[in-house]
Amino acid sequence: MEVISIVLFLLVAVVVSGAASRMLPLPIPTPLVQILLGGLIGLSTSYRVELDPELFLLLFLPPLLFLDGWRIPKDELLKDLPVVLELALGLVLLTVLGMGFVIHWMIPAMPLAVAFALAAVVSPTDPIAVSAIAARVPIPRRMMHILEGESLLNDASGLVCLRFAVAAALTGSFSPAAAAANFLWVAGAGILTGIVVTVAVTRAKAWVSRRYGEETASQILVSLLIPFGSYLLAEHIHASGILAAVAAGVTMTFAEISRQAMAATRMRRNSVWDTVQFALNGIIFVLLGEQLPGVLAGAAQTVRITGHGNPLWLGVYVVAIVAGLAALRFAWVWVSLRLTLLRQRKGADGVSPDWRLIAAMSLAGVRGAITLAGVLTLPLVLDDGSPFPARDLAIFLAAGVIIVSLIIASLLLPVLLNGLTLPPEPSMQAEEDKARVIAYEAAIREIEHAQHELAEANGNADFYSAAGSRIMDLYRDRIESRSQGARVAAEARLQDRLERDLRLRGLKAERRAIVDSARDRRIGSATAQKLIRELDLQEVRTRG
């Protein structure tokens, strides 16, 4: 019963945080509001969450990483892949090595392996936190794609580094050669497991749907189980479950293209996954706040591990780690963007990226849910049964890094993003217009075929011809508007937007009329629900 109460408290806090962050006059990021609410829960209730590291890792990370891999724009990721890899792999390795030695030098009482583990968990970035911070100042599209790709890959690389660091802390030894060989197996087998599980499940699901029909609820449940299945199978063969979940998500995009689900299934599945993502990310930050009172209560004891008596030293260490992370990221982003510009301009001299862009990319390296999830998975005890060294200190420092990075970014990132423009990107409008024309032509062919079949089967050819002609004329008008000059196409797009706005106003009026009729008992509630759902589906389709 206590567990159920805790879960309900956490979920209520997540719901309240979303509304509270919108009500506040200042643009305070939702993650900070969630941390605050979690702290209030920790202070005002007798409930305490005892986190099992392995269970926490299993419940939170696979679905979040799977969804990131599934939804990330693949074409944009491939276009900026060199920059993404430089940030996600090179910067993570530099952060783990550089900050690991720095942390161990600052805090000699923290073993080097634990320092590397802490550096590994603070290396991944969180684009969701960045989006929350910059909600009132739009992030340039290409910049956000780079941040999303970086986060997807550095989540995996950072957590794999964490795995090796924890293993070294548990065994007390570390062999670079053995680690390199183990990394190849862990990474390769993990990625392959995610791909194989996703392809096998989606093919089996498509076969069953073709033969026996599709059930929306079971399709959604299968998509929820894929990341957990990939993760557990990879861990069973001692590979990386994290990479398996990421690979499963990326594979899901291509598997879905060839084996499409019903439209209703896709819509409901997207809604379910949006809810899962919102709940899991929110719970992680609320849990951070809930754990803070306990962590702060033991701050005096924790600081004694460092050899100091004043708890303020913990704040000094947090600021020093944040400063070190910012300096490494600033230098790496400057080098990475400079190399990118040189490649694009074929070795032109004197190329230097805008300092505001470098600063914005550096501040966008906010730590969030993955950092917290990673540090909370540190083992409670060593192999010999003794407590894991400096675990509470590592959790405190990681939590401090998350909070300080969120505060700094929330204050400075909107200022840097205001008016910041990236180099112009090639327009995708021509590609979109071409795809629409292809789709319209296919629709005309299918309608012609269908009206001939209906006429042959039922007679009355004129009736079916007139109905088909009305639909085909609509498609031909759209083809003509998309196939003519740029000015005509622009006018057509403007007309489409105008029609969409008018259609939306009409749908709202229909909904109001149905609600009023239900309130006045002129129609029953079942009829009202059916009609409102139809209008909702039309509105979703119209909004695109």
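Would region 478-487 turn up any residue that is open to solvent by less than 50 Å² (accessible area, probe 1.4 Å), assigned to a helix (DSSP H, G or I) and at pLDDT below 75? The answer is yes, given that some residue of region 478-487 is open to solvent by less than 50 Å² (accessible area, probe 1.4 Å), assigned to a helix (DSSP H, G or I) and at pLDDT below 75.
Matching residues to (1) among the hydrophobic types (A, V, I, L, M, F, W, C); (2) at pLDDT below 85; (3) open to solvent by less than 30 Å² (accessible area, probe 1.4 Å); (4) in contact with a Leu (Cβ under 9 Å, 6 or more places away or on another chain):
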residue	(1), (2), (3), (4)
L382	yes, yes, no, yes
S386	no, yes, no, no
P389	no, yes, no, yes
L397	yes, no, yes, yes
V401	yes, no, yes, yes
I408	yes, no, no, yes
L411	yes, yes, no, no
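Taken over region 201-225, residues that are in a helix (DSSP H, G or I) and open to solvent by less than 60 Å² (accessible area, probe 1.4 Å) amount to 13.
If you check L55 against the conditions, is it closer than 30 Å to S271 by Cβ and in contact (Cβ under 8 Å) with a residue 60 or more places away in the chain? No, not satisfied.
Cβ-Cβ contacts under 8 Å between residues 6 or more apart (or on different chains), taken from a first residue in region 233-244 that is surrounded by 22 or more Cβ atoms within 10 Å (Cβ to Cβ) to a second residue that is among the basic types (K, R), are listed as S240/R163.
Taking the numbered list (1) at pLDDT below 80; (2) surrounded by 15 or more Cβ atoms within 10 Å (Cβ to Cβ) in turn, G190 passes all entries but (1).
Filtered by the rule that a residue be open to solvent by 10 Å² or more (accessible area, probe 1.4 Å) and either at pLDDT 80 or above or part of a helix (DSSP H, G or I) (or both), region 126-144 gives P127, I128, S131, A132, R141, R142, M144.
Name the single residue that is nearest to the chain's Cα centre (by Cα) among those in region 58-73 being farther than 26 Å from R338 by Cβ and open to solvent by 30 Å² or more (accessible area, probe 1.4 Å).
Ranking the candidates gives D68 first.
Remark: pairs (first residue in region 371-396, farther than 16 Å from V121 by Cα and free of Cβ contacts under 8 Å to residues at least 60 places away in the same chain; second residue open to solvent by 40 Å² or more (accessible area, probe 1.4 Å) and part of a helix (DSSP H, G or I); Cβ separation under 7 Å; 6+ apart in sequence or on different chains) are absent.
Residue-by-condition table, conditions (1) within 30 Å of S362 (Cβ to Cβ); (2) at pLDDT 80 or above; (3) in contact with a His (Cβ under 7 Å, 6 or more places away or on another chain); (4) acidic (D, E):
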position	(1), (2), (3), (4)
S17	yes, yes, no, no
P29	yes, no, no, no
L57	yes, no, no, no
F60	yes, yes, no, no
L64	yes, yes, no, no
D75	yes, no, no, yes
A88	yes, yes, no, no
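Would you mind finding the one in L162, L170, L147, L152 that is in a helix (DSSP H, G or I), modelled with pLDDT under 90 and open to solvent by 30 Å² or more (accessible area, probe 1.4 Å)? Outline the logic, then answer.
On the way: L162 fails: open to solvent by 30 Å² or more (accessible area, probe 1.4 Å); L147 fails: open to solvent by 30 Å² or more (accessible area, probe 1.4 Å); L152 fails: open to solvent by 30 Å² or more (accessible area, probe 1.4 Å).
Just a single option satisfies the conditions, and that option is L170.
Against the criterion of being assigned to a helix (DSSP H, G or I) and either farther than 25 Å from E235 by Cβ or open to solvent by less than 10 Å² (accessible area, probe 1.4 Å) (or both), L55 does not qualify. If you check P108 against the conditions, is it assigned to a loop (DSSP other than H, G, I, E, B), open to solvent by 30 Å² or more (accessible area, probe 1.4 Å) and touching a residue at least 12 places away in the same chain (Cβ under 8 Å)? When the stated conditions are applied, P108 passes them. Return yes or no: is L118 of a type in the set (A, V, I, L, M, F, W, C), in contact with a helix residue (DSSP H, G or I) (Cβ under 9 Å, 6 or more places away or on another chain) and more than 19 Å from V375 (Cβ to Cβ)? Against the criterion (of a type in the set (A, V, I, L, M, F, W, C), in contact with a helix residue (DSSP H, G or I) (Cβ under 9 Å, 6 or more places away or on another chain) and more than 19 Å from V375 (Cβ to Cβ)), L118 does not qualify.
Name the residues in region 512-530 that are under 21 Å from M267 (Cβ atoms) and modelled with pLDDT under 80, would you? Across region 512-530, the qualifying residues are A528, Q529, K530.
The values are calculated or read from the model by the stated rules, or taken from the named source; none is laboratory data. If you're wondering where the values come from, they're calculated on a predicted model, not measured in any experiment. No Cβ is skipped: glycine too gets one built from the backbone with ideal geometry, and neighbour counts run over all protein chains shown. Accessible surface areas use protein heavy atoms only, side chains included; no ligands, DNA or RNA. Shrake-Rupley method; radii C 1.70, N 1.55, O 1.52, S 1.80 Å.
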